Amino acid sequence: MNDILVLKENGSLVKELKPNEKAVIYQSLESTLDNIDLTLQENSSLVLLTFNNGSVKDINLKSKLAKNASLTIYNMIISSSEVNLKEEVYVEDVNANVNILNVCLGYEEAKINSFIHIFHNSEYTNSELETYAIAIDKAHLTLDNNATIKNKCKKTVVHQKAKGLNLSKDSTIKAQPNLYIDEYDVEASHSASVGNINKDDLFYLMSRGLPESDARKIVVLGFINPLIDKIEALNAETTHIKEGILEEFSQKLK
């Protein structure tokens, strides 16, 4: 069974997983993290959930993965102020795997900058990076997704996806997907899309008797829920965290 840890203290997280060790780490809704340093040794596995409600301006994460290591990161940011997220992941040996899911909601005059770079320094490695952003009021969000595949890192698989939803005429979302590839024998793709609420979806819900405000909220939560569902409610504490994050999103969409 995985070692489950709920972080309740503020500051930094330094974690090294030993060979074959498996861990799940959730940041509590009441704590803050500004610096994260992760080392995954051979055959280890880590799931990390971070949450920032705007109380921390600068968040930095660095991680290194050894052979057969697996890292899954869920980032949740909800803010009305400036937040800068910077993550660098170094995939150092064969069969290492990285999955990052980044969800940002900016409101009022938020400036959220998400910079993520995954470095593939070995052959037969994989990464999936998904970034979702919602902008309200005068919020400005930048999604800077990057992956590097070095020469001789054959059979590497890299996929990136960025999706943005603007809910106000004065809000902006900028998506910047980048792939730096120095090897032919790889599989790599990226996509980015930014738009407004689908008017057909809105009309359908309003035709069923819902006021426009409720219909908009349902459409936006439909954008978020599949991502929230990926967070496992492993016990009472983690269930509280999952429900609290969803409630935070719901409150800001009113």
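The values are calculated or read from the model by the stated rules, or taken from the named source; none is laboratory data. Keep in mind that this is a model prediction, so the values were computed, not measured. Backbone-built Cβ (ideal geometry, glycine too); neighbour counts: all protein chains shown. Remember, those area values only see protein heavy atoms, side chains included, never the ligands or the DNA or RNA. Shrake-Rupley method; radii C 1.70, N 1.55, O 1.52, S 1.80 Å.
Can you tell me which of 151, 198 is among the polar types (S, T, N, Q), closer than 25 Å to residue 225 by Cα, open to solvent by 60 Å² or more (accessible area, probe 1.4 Å) and out of contact with any Leu (no Cβ under 7 Å at 6 or more places or on another chain)?
198
Touching a strand residue (DSSP E or B) at 6+ places or on another chain (Cβ under 8 Å), open to solvent by 20 Å² or more (accessible area, probe 1.4 Å), modelled with pLDDT of 95 or more and within 18 Å of residue 83 (Cβ to Cβ): does that describe residue 142?
yes
If you scan the stretch 7-44, which residues turn out to be within 20 Å of residue 241 (Cβ to Cβ), open to solvent by 50 Å² or more (accessible area, probe 1.4 Å) and of a type in the set (D, E, K, R)?
8, 9, 22, 30, 34, listed by residue number.
Does residue 174 fit the bill of being modelled with pLDDT of 90 or more and surrounded by 14 or more Cβ atoms within 10 Å (Cβ to Cβ)?
In short, yes.
Write out, first by first residue and then by second, each pair whose Cβ atoms fall under 6 Å of each other, whose residues are 6+ apart or on separate chains, and whose first residue, in the stretch 239-254, is under 10 Å from residue 29 (Cβ atoms) while the second is in a helix (DSSP H, G or I).
Listed by first residue and then by second, the contacts come to nothing, as the list is empty.
Hey, could you check the stretch 219-241 for residues that are more than 22 Å from residue 130 (Cβ to Cβ) and out of contact with any strand residue (DSSP E or B) (no Cβ under 7 Å at 6 or more places or on another chain) and say which is surrounded by the fewest Cβ atoms within 10 Å (Cβ to Cβ)?
If we take residues in the stretch 219-241 being more than 22 Å from residue 130 (Cβ to Cβ) and out of contact with any strand residue (DSSP E or B) (no Cβ under 7 Å at 6 or more places or on another chain), then 236 is surrounded by the fewest Cβ atoms within 10 Å (Cβ to Cβ).
Does any residue of the stretch 234-242 turn out to be touching a Phe, Trp or Tyr at 6+ places or on another chain (Cβ under 9 Å) and of a type in the set (Asp, Glu)?
Checking the stretch 234-242: at least one residue is touching a Phe, Trp or Tyr at 6+ places or on another chain (Cβ under 9 Å) and of a type in the set (Asp, Glu).
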